[in-house]
Amino acid sequence: MNKIAIDLGSAVTKIYKIGSGIVLAEPSCVAMNTADSSVKAIGEDAKNLIGKTSDYTTIVFPVFEGEIVNEKLASTMLNHFLYKAGVKSGAEAVFCVHCGFDAKVQAIYQKIASACALRRVSFVENPILAGLGDDVSFTEEEPAFCIDIGHGVTDIAAFSSDGIIAGISMNIGGGSIDVHIIDHLAELYGLKIGTLTSEKVKMTVGSLFETDNQSMVVSGREMATGKPVSKVVYAPDLYFPLQAHIDKIIEYALLVLGKLPAEVSAVIRKNGIHISGGTAKIAGIREYFAKQLQMDVHLGEEPQMSVILGGGRVVGNPELLRRVRAEV
């Protein structure tokens, strides 16, 4: 039987297929012709058009800050990805979803699943999947704690083999950091850059090591004149926008930790927490979390793939899926 896991992310959609592993990871965007509303490109092809389109083309993101904001385009995009990944009609699917998954969200996903000819659809929340993807050990007696920093949403939760004990989903992630970097460099250097450049700068020289001296040349436009210009951007230039967002995530992590029963909190403080998501690859982030939370922090080898790898584990294990799937 064709079994798959789908992470329909704000920035990237990932698909895991049993027997093949991760078969697709492409940008969650669609290029539309504004004249007749036809689809010009999807995924990587659409992302490559950002900043290069005419007035007759617009780039649409069907998933924004973790929410499906355009069901029709989300279905079109996912259908295209499933076809590209060689997934046959009638596949059994697990969707990776955010904390706070409810009946309204489920109904939207069910419509998309139906439009894409998927069947036997289940849902599992991202922190649990991230833990499974990073081979985190957790049982009823030994709960775990994960912070998954996505592009549009950060999920924070303590969980056991019975499911989420306490958790929260917040609209802070890699995308909001990118926007802050754009504004910060405009103020600092009078340099106007786009979101693709901001993301590249963040992942190349962004660092939470205060003494980091990495640098890169960034091309954009001079705000005063509109002329093309290049500036050298240093890691310390990005420290403030990075710190501001990570501190907010830590604030909410402490709130979740404070809601836990004393016994659960003790186990988590003994074993440490786990961070995942593409933003978790920023230099110094593990050490920064450890210092601020005063506990061990663990980071997988490919944190940007933790959730979808966890999805692959549950879709291939019916007993595990039964235990951890989200019920509404």
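Bear in mind these aren't lab numbers, they're just calculated from the coordinates by the rules spelled out. This one's a predicted model, so the numbers in the text were calculated from it and none came from an experiment. We place every Cβ from the backbone using ideal geometry, glycine too, and count neighbours over all the protein chains shown.
For the reader, a short list of remarks on this structure follows.
- Between region 174-233 and region 25-57, the alpha-carbon center distance in angstrom: 24 Å
- Other-chain or far-sequence residues with amide H under 5 Å of residue 99's (modelled H): 126
- Considering only 229, 218, 208, and ranking their Cα positions along the charge dipole of region 174-240 that arises from unit charges at the beta-carbon of Lys, Arg, Asp and Glu, the one farthest toward the positive end is 229.
- Across the chain, the longest run free of exposed loop sites, meaning GluC sites (Glu not before Pro) lying outside DSSP classes H, G, I, E and B with no more than 14 other Cβ atoms within 10 Å, spans 1-139.
- Separation of the residue 251 and residue 84 label points, Cα + 7 Å toward Cβ, nm: 3.8 nm
- With a Förster radius of 56 Å applied to the C-beta separation of residue 323 and residue 225, the computed FRET efficiency comes to 0.40.
- Counted charge near residue 229, where neighbours are those whose Cβ lies closer than 13 Å (Asp, Glu -1; Lys, Arg +1): +3
- For region 130-144 and region 289-328, distance of Cα centres in Å: 7 Å
- Amide H within-cut-off set for residue 13, under 5 Å, with H built and near neighbours excluded: 26, 28
- Annotation: for a label point projected 7 angstrom from Cα along Cα→Cβ of residue 287, residues of region 199-227 with backbone N closer than 15 Å are 206-214.
- Gain on full extension, evaluated as 0.36 nm per residue between residue 186 and residue 204 minus their Cα-Cα distance, stands at 4.6 nm.
- Length available on full extension from residue 111 to residue 263: 0.36 nm per residue minus the Cα-Cα distance, which gives 50.6 nm.
- Among the helices of the chain, none built from whole DSSP H runs has Cα atoms reaching 20 Å or more along its own axis together with a mean Kyte-Doolittle hydropathy of at least 1.6.
- FRET efficiency for residue 213 and residue 296, using Cβ-Cβ distance with R0 set to 22 Å, rounded to 0.05: 0.20
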